[in-house]
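J.: The structure under discussion is supplied below as structure tokens; questions concerning it will follow.
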Amino acid sequence: IAGLQEYYCNLCLENSKKINPYILHVLQEVDEDIKKGLEKRITLNIAGNNRLIPVERVTDEDFGILSQILESCPYINGLDVRYNVLSDAGAYYAANLLQTQRYLIYLNLMFNDIGPEGGELIAKALHKNTTLKYLRMTGNKIENKGGMFFASMLQINSSLEKLDLGDCDLGMQSVIAFATVLTQNQAIKGINLNRPILYGEQEESTVHLGHMLKENQWLVELHICKHGIKNCGMQKLCDALYLNRSLRYLDISCNKITRDGMEYLADVLKSNTTLEVLDLSFNRIENAGANCLSETLTSHNRSLKVLSVVSNNIEGEGLVALSQSVKTNPTLSNIYIWGNKFDEATCVAYSDLIQMGHLKPNNTDVEPYVVDGHVYLAEVSNGLKKHYYWTPTHRDANSPSSSANFAVVSVGPYF
């Protein structure tokens, strides 16, 4: 138990493999933690985008050796190998690890080079795995074929709680398959289906996702960013939200939703009491949409805690209306507005909110400053998921200010 570093060196010698100094460094740190008696729930962080120390990115051969070490380490519950150069051969070792290591709760394979075949191997390994709670495949181009294997896996696996397949080039068929499977799967609490490759203007996938939300009363977190959702699709989602009583976090950023979509959403928020985090960033709701939301949040809704309307072409009138919602609604604690059109009234309104204590500085992405007697707003690095794609070197990646979604709606044991 005490010598993971030594064990790794011996395995490399036995298999005539080159020792990776980065892996050696990480294992040395784990050995030191074990000596201090900190061997419970260790996450092995071998991210290839670590900028604080020299990094030699993990290859398939490196991962093969690493998987042999992990098979006999019950105290290592998490493995983060994001931004390395693992291919389908690396996925083979990952699949084998999922079948043999019965203590792994968290596996992050984000932005490697795993394709459809590798996706198939990992999905099939999860048929019998009963321990993994959170799998992150973000950015691996498993495509529609790989997505279908993961959808099939969810018909069998009843232990996985959170699955991230964002930026994986999923197709219409696999998105519909996930929507269908999730009408029955009661284990999944959070799923990310961001940026599939969809063709056509029919919004078929949104219709199926809406139907899923009517049936599924267990899903807590849903990310459907870059699905090309327009107002018609938004209406389908809102129809489902009237009946859904479990969803607490809805991410519909980077779509094509305008003021009409906000009318449907504002109406459903009058009766929905479960939704706590709403991400509308990078749509086009404009003043009319902001006013609709503001009216509901001021007079009716008392469950929404976090709202992001970043880059929505909202001008002063709409932004000031939203500031009034924050002022009068005691539940709405976080609001993110950067990327809209600030006038002086907006700057003064949000400056007053912060100074009067209605809005905490860490709960918004703007900070007031004064020049020549005029108030302006500067951007600060706070948000819902600022560190989704990268990890900061200067502060905790999961701090409440930069990852408000995790602070409010926490799904799974690892983030």
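The values are calculated or read from the model by the stated rules, or taken from the named source; none is laboratory data. As the structure is a computational prediction, the values presented were derived from the model and not from experiment. As a convention, Cβ positions derive from the backbone with ideal geometry for all residues, glycine included, and neighbour counts pool all protein chains shown. Note: areas computed on protein heavy atoms with side chains; ligands, DNA, RNA excluded. Shrake-Rupley method; radii C 1.70, N 1.55, O 1.52, S 1.80 Å.
J.: Is there a residue being among the β-branched types (Val, Ile, Thr), more than 29 Å from the chain's Cα centre (by Cα) and over 26 Å from residue 145 (Cβ atoms) anywhere in segment 5-23? Reasoning before the result, please.
T.: Kept after step one, since they are among the β-branched types (Val, Ile, Thr), are these residues of segment 5-23: 19, 23.
Next cut, more than 29 Å from the chain's Cα centre (by Cα) only: 19.
This time we only want the ones that are over 26 Å from residue 145 (Cβ atoms), so: 19.
The answer is yes; a qualifying residue exists.
J.: Sticking with this structure for a sec: Of the residues that make up segment 206-221, is at least one in contact (Cβ under 8 Å) with a residue 12 or more places away in the chain, over 16 Å from residue 179 (Cα atoms) and open to solvent by 70 Å² or more (accessible area, probe 1.4 Å)?
T.: Checking segment 206-221: not a single residue is in contact (Cβ under 8 Å) with a residue 12 or more places away in the chain, over 16 Å from residue 179 (Cα atoms) and open to solvent by 70 Å² or more (accessible area, probe 1.4 Å).
J.: Sticking with this structure for a sec: Being within 24 Å of residue 279 (Cα to Cα), in contact with a helix residue (DSSP H, G or I) (Cβ under 7 Å, 6 or more places away or on another chain) and open to solvent by 30 Å² or more (accessible area, probe 1.4 Å) is the filter here; which residues of segment 364-403 pass it?
T.: 367, 368, 385, 398, 400, listed by residue number.
J.: Follow-up question, since we're still on this one. Quick check on my filter: what residues within segment 174-192 are in a loop (DSSP other than H, G, I, E, B) and touching a helix residue (DSSP H, G or I) at 6+ places or on another chain (Cβ under 6 Å)? Can you show your working first?
T.: Start the filter on segment 174-192 by keeping residues that are in a loop (DSSP other than H, G, I, E, B), which leaves 182-189.
Across segment 174-192, the qualifying residues are 182, 183.
J.: Suppose we keep only residues that are among the charged types (D, E, K, R) and either modelled with pLDDT under 95 or touching a Gly at 6+ places or on another chain (Cβ under 9 Å) (or both) within segment 112-127. Which one would you say is surrounded by the most Cβ atoms within 10 Å (Cβ to Cβ)?
T.: Restricting attention to segment 112-127, the residues satisfying the condition of being among the charged types (D, E, K, R) are 113, 117, 120, 124.
This time we only want the ones that are either modelled with pLDDT under 95 or touching a Gly at 6+ places or on another chain (Cβ under 9 Å) (or both), so: 113, 117, 120.
Working: 113: 17, 117: 16, 120: 21.
Checked segment 112-127; the qualifying residue surrounded by the most Cβ atoms within 10 Å (Cβ to Cβ) is 120.
J.: So how many residues does segment 269-290 have that are in a helix (DSSP H, G or I) and surrounded by 20 or more Cβ atoms within 10 Å (Cβ to Cβ)?
T.: At the first step, the residues of segment 269-290 found to be in a helix (DSSP H, G or I) are 269, 286-290.
Filter once more, so that each one left must be surrounded by 20 or more Cβ atoms within 10 Å (Cβ to Cβ): 269, 287, 289-290.
Residues in segment 269-290 being in a helix (DSSP H, G or I) and surrounded by 20 or more Cβ atoms within 10 Å (Cβ to Cβ): 4 in total.
J.: Six or more apart or on different chains, Cβ atoms under 8 Å: show the pairs whose first residue is in segment 38-49 and closer than 15 Å to residue 67 by Cα and whose second is among the polar types (S, T, N, Q) and modelled with pLDDT of 95 or more.
T.: 46/84
J.: Then there's this: Can you tell me how many residues in segment 155-173 are crowded, with 22+ Cβ neighbours inside 10 Å, hydrophobic (A, V, I, L, M, F, W, C) and part of a loop (DSSP other than H, G, I, E, B)?
T.: Total meeting the criteria: 4.
J.: Only one residue in 109, 193 is free of Cβ contacts under 8 Å to residues at least 60 places away in the same chain, out of contact with any Pro (no Cβ under 8 Å at 6 or more places or on another chain), closer than 24 Å to residue 246 by Cα and surrounded by 22 or more Cβ atoms within 10 Å (Cβ to Cβ). Which one? Walk me through how you get there before you give the answer.
T.: On the way: 109 fails: closer than 24 Å to residue 246 by Cα.
Of 109, 193, the one residue that is free of Cβ contacts under 8 Å to residues at least 60 places away in the same chain, out of contact with any Pro (no Cβ under 8 Å at 6 or more places or on another chain), closer than 24 Å to residue 246 by Cα and surrounded by 22 or more Cβ atoms within 10 Å (Cβ to Cβ) is 193.
J.: Pull up segment 228-247, narrow it to residues that are open to solvent by 70 Å² or more (accessible area, probe 1.4 Å) and not in a helix (DSSP H, G or I), then point me to the one that is farthest from residue 278 (Cα to Cα).
T.: Step by step, filter segment 228-247, then rank; the result is 243.
J.: Restricting to segment 35-65, and then to whatever is aliphatic (A, V, I, L, M) and crowded, with 17+ Cβ neighbours inside 10 Å, can you tell me which residue is nearest to residue 111 (Cα to Cα)?
T.: Let us first name the residues in segment 35-65 that are aliphatic (A, V, I, L, M), namely 38, 42, 44, 46-47, 52-53, 55, 58, 65.
The next check asks that each one be crowded, with 17+ Cβ neighbours inside 10 Å; those that pass are 42, 44, 46-47, 55, 58, 65.
Working: 42: 22, 44: 17, 46: 13, 47: 10, 55: 16, 58: 12, 65: 20 Å.
For segment 35-65, the residue satisfying everything is 47.
J.: Further question on the same structure: Can you tell me which residues in segment 3-34 are open to solvent by 60 Å² or more (accessible area, probe 1.4 Å) and among the aromatic types (Phe, Trp, Tyr)?
T.: Residues of segment 3-34 that are open to solvent by 60 Å² or more (accessible area, probe 1.4 Å), as a first pass: 6-7, 10, 13-19, 21, 25, 28-29, 32.
Of everything in segment 3-34, just one residue is open to solvent by 60 Å² or more (accessible area, probe 1.4 Å) and among the aromatic types (Phe, Trp, Tyr), namely 7.
J.: Specify which of the listed residues (199, 264) is assigned to a loop (DSSP other than H, G, I, E, B) and either touching a strand residue (DSSP E or B) at 6+ places or on another chain (Cβ under 6 Å) or touching a residue at least 24 places away in the same chain (Cβ under 8 Å) (or both). It would help to see each step written out before you state the result.
T.: Details: 264 fails: assigned to a loop (DSSP other than H, G, I, E, B).
Testing whether each residue is assigned to a loop (DSSP other than H, G, I, E, B) and either touching a strand residue (DSSP E or B) at 6+ places or on another chain (Cβ under 6 Å) or touching a residue at least 24 places away in the same chain (Cβ under 8 Å) (or both) leaves just 199.
J.: State yes or no: is residue 405 touching a Leu at 6+ places or on another chain (Cβ under 9 Å), under 20 Å from residue 191 (Cα atoms) and at pLDDT below 80?
T.: Working: touching a Leu at 6+ places or on another chain (Cβ under 9 Å): yes; under 20 Å from residue 191 (Cα atoms): yes; at pLDDT below 80: yes.
Criteria met by residue 405.
J.: Still on this structure, please answer the following. If a residue has to be assigned to a helix (DSSP H, G or I), within 24 Å of the chain's Cα centre (by Cα) and in contact (Cβ under 8 Å) with a residue 24 or more places away in the chain to count, how many in segment 353-377 make the cut? Even if it seems obvious, please write down each step before you answer.
T.: Looking only at segment 353-377, we keep the residues that are assigned to a helix (DSSP H, G or I), and these are 353-355, 361-363.
Now restrict to residues that are within 24 Å of the chain's Cα centre (by Cα): 361-363.
Next, only the ones that are in contact (Cβ under 8 Å) with a residue 24 or more places away in the chain stay: 362-363.
Residues meeting the conditions: 2.
J.: Out of all the residues in segment 300-348, which are free of Cβ contacts under 8 Å to residues at least 40 places away in the same chain, under 20 Å from residue 281 (Cβ atoms), touching a strand residue (DSSP E or B) at 6+ places or on another chain (Cβ under 6 Å) and open to solvent by 40 Å² or more (accessible area, probe 1.4 Å)?
T.: 342
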